[in-house]
Amino acid sequence: EDTGEYSCDTGDQESKASLNVKALPVLFKKELKDKEVEEGAAVKFQCELTKDNATVEWRKGTMELFPCAKYEIKLSGRTAELVIHNVEPEDA
């Protein structure tokens with residue numbers, strides 16, 4: 001968001017320059033870990049990113065997951081969390 005044209009104006013003269021900021025990629029600082037839970041329990045997956053409030057998608061296989069009664073999705077600073085409530089065998 002700092003990319004753009006900047007200027008310095010003395011009233012009689014003006015100097016301009018452009019700033020182009022190359023965004024760094026979002027990387028995983030701490031990756032997801034395998035979990036094993038009993039049917040009916042809740043399970044939490046958590047990962048830590050290198051940037052605050054990055055855009056993340058949660059997936060099971062190729063299916064994207066969205067917040068609902070079963071899936072709780074949180075992003076707080078650099079921590080992304082997925083909580084699966086009332087797990088069933090088909091959630092494996």
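Here, each number is a calculation from the coordinates, and none is a lab measurement. Bear in mind the structure is a predicted one, so any value in this text is a computation, not a measurement. All Cβ positions, even for glycine, are placed from backbone atoms using ideal geometry, and neighbour counts span all protein chains on display.
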Task: Radius 15 Å from Cβ of S7, net charge of other residues (Lys, Arg +1; Asp, Glu -1) - done: -4
TODO: Read through the labelled values (i) 16; (ii) 60; (iii) 48 and report the label of the one computed as percent of Cα pairs over 22 Å apart from the structure.
DONE: (iii)
TODO: Normalising by the residue count of region 39-91, find the relative contact order in percent from Cα pairs under 8 Å and 6+ residues apart.
DONE: 50
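Which order, highest average first, do 34-40, 64-70, 47-53, 80-86 follow once you tally other Cβ atoms within 10 Å for each residue and take the mean per peptide?
Details: 34-40: 8.6, 64-70: 10.7, 47-53: 13.7, 80-86: 16.6.
Packing proxy ranking, top to bottom: 80-86, 47-53, 64-70, 34-40.
How high is the relative contact order of the chain, given as a whole-number percent (alpha carbon pairs under 8 Å, six or more residues apart)?
Details: 139 pairs, mean separation 22.3, N = 92.
Relative CO of the chain lands at 24 percent.
Mean shadow of region 39-91, computed from the convex hull of its alpha carbons, in nm²?
The orientation-averaged projected area of the Cα hull of region 39-91 comes to 3.8 nm².
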Task: Cα-Cα over 25 Å, subset of K29/K74; K33/K60; K29/K70; K35/K70; K51/K74 - done: K29/K70
